[in-house]
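Comments concern the structure below.
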Amino acid sequence: MAKVPSAVVAASGLVGGYGVARWTRQRPLGGVVLAVAGVAAARQWRQQAGGVAAGVLSAAYVAAFAGSHPLAKKVGAWPAVFGAAGAVGLASWAVADRRG
């Protein structure tokens, strides 16, 4: 079975977490999706690129989540979430997935 790239896991966590929170109107449930994907991505980052890289990418994941909130006021919720997810996905690919 093919392994899902960490970039996809991380980006999906941001998009999926927001989507679940919005459609269920249960913000904590969206937070669970966000957290589970974040932990899964962090495990992959650690295996593929080491602990320091995993720490930096985890901080980027949290920063993207936090940064999407003020950005949403300027560009809208979905564009902000997709922008944050794209940024984290690109960083994840560059640091961890690109290596193989």
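Quick notes on this structure:
- Residue ID - farthest from residue 76 (Cα to Cα), chosen from residues in the stretch 1-16 that are touching a residue at least 24 places away in the same chain (Cβ under 8 Å) and among the small types (Gly, Ala, Ser): 6
- Residue check, residue 9 surrounded by 12 or more Cβ atoms within 10 Å (Cβ to Cβ), under 9 Å from the mean Cα position of the chain (by Cα) and modelled with pLDDT of 95 or more: yes
- Within the stretch 47-62, none of the residues are in contact (Cβ under 8 Å) with a residue 60 or more places away in the chain and open to solvent by less than 60 Å² (accessible area, probe 1.4 Å).
- Considered as a group, the residues in the stretch 87-99 that are open to solvent by 40 Å² or more (accessible area, probe 1.4 Å) and either touching a Pro at 6+ places or on another chain (Cβ under 9 Å) or touching a residue at least 24 places away in the same chain (Cβ under 8 Å) (or both) include one that is farthest from residue 31 (Cα to Cα), and that residue is 99.
- Residues of the stretch 17-45 satisfying the condition of being open to solvent by 20 Å² or more (accessible area, probe 1.4 Å), under 15 Å from residue 91 (Cβ atoms) and either free of Cβ contacts under 8 Å to residues at least 24 places away in the same chain or in contact with a Phe, Trp or Tyr (Cβ under 8 Å, 6 or more places away or on another chain) (or both): 42
- Each residue in the stretch 63-80 was checked for being buried (at least 17 other Cβ atoms within 10 Å of the Cβ), of a type in the set (A, V, I, L, M, F, W, C) and under 15 Å from the mean Cα position of the chain (by Cα), and 3 pass.
- Positions within the stretch 63-77 being touching a residue at least 24 places away in the same chain (Cβ under 8 Å) and under 15 Å from residue 13 (Cα atoms), in sequence order: 64, 65, 68
The values are calculated or read from the model by the stated rules, or taken from the named source; none is laboratory data. This structure is a prediction, so every number in the text was calculated from the model and none was measured. So basically every Cβ, Gly included, is an ideal-geometry build from the backbone, and we count neighbours across all protein chains shown. The accessibility values were calculated without ligands, DNA or RNA, using every heavy atom of the protein model including side chains. Shrake-Rupley method; radii C 1.70, N 1.55, O 1.52, S 1.80 Å.
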